[in-house]
Amino acid sequence: MSETQLPLAEDWSLPERLDPTARLAAEALIVDVEGFEGPLDLLLTLSRTQKVDLRRISVLQLAEQYLGFVNRAAKLRIELAADYLVMAAWLAFLKSRLLLPPEPGEEGPSAEELAAHLAFQLERLQAMREAAARLMARDQKGRDFFVRGQPETMSLHRKVTWDASLLDLMRAYARIRTREDFRPFVLDREHVFTMEQALDRMRGLIGYAGDWADLSTFLPEGWNATPMARRSVTAAHFAAVLEMAKRGQLVLRQDETFAPIRIRRAESRSEGQS
């Protein structure tokens, strides 16, 4: 295989000036091993897709040809030699994994799994390159087409067209009617008179009730301002006097059905004995 021989540069501080054709020829690594001949990146691609039998490729010949290329490419671009080194190292690693039997208990993916994974990554890279090529092949503004000097003002008008059957209309009407008829009851706790409040009031007022007195005289002012307040205050004080009568703190009586409820303070034992 003939290879392009490049003259050595006398001054390593200055890059050697080469015409584009000579530079491309120098940067193209050509390998010639048993079973395959071509650029190393193509060899890597074919090895990933398993189109080339790696068991037939001599790693020694590959390394010798690579070292010769590195000597030529050192004067051109050091990153180019680094890229080819990574590719050659991966190829040698993959061949060693294929030739050597797997050790018992060895962790990590097998050679076949590694090759399949790298082939998948290469397919993704190829798809991205193709998508980028298609994108760059499209017409570009300022090169293939140009915008108008006085662009027109565009306005968007939205027109809604409803498509509903008679059954859909009936269902929608039923949902609206159900939502209007159903009103959950919400208790206004700020205007509710509790039994605890009534007990506190009755304990302070019952001491002044020496004789029978109507229960309504113990209710607070404005207790009948609204129907809700009247019911709440009456029920709370009625429950309070029942609780106090149970504890023996007062006596209550009602002469007949629906008659006013009258209460008085219960007599203590000392008062009864006197």
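The values are calculated or read from the model by the stated rules, or taken from the named source; none is laboratory data. What you are looking at is a predicted structure, and each value in this text was computed from that prediction instead of being measured. Cβ placement follows ideal geometry from the backbone for every residue including glycine, while neighbour counts extend to all protein chains displayed.
Residue pairs whose Cβ atoms lie under 9 Å apart, sitting 6 or more positions apart in sequence or on different chains, and linking a residue in region 105-118 that is modelled with pLDDT of 75 or more to a partner that is of a type in the set (D, E, K, R), are Ser110/Arg97.
Test Arg201 against the criterion of being surrounded by 14 or more Cβ atoms within 10 Å (Cβ to Cβ), of a type in the set (D, E, K, R) and touching a residue at least 40 places away in the same chain (Cβ under 8 Å), and give yes or no. Even if it seems obvious, please write down each step before you answer.
Working: surrounded by 14 or more Cβ atoms within 10 Å (Cβ to Cβ): yes; of a type in the set (D, E, K, R): yes; touching a residue at least 40 places away in the same chain (Cβ under 8 Å): no.
The answer is no for Arg201.
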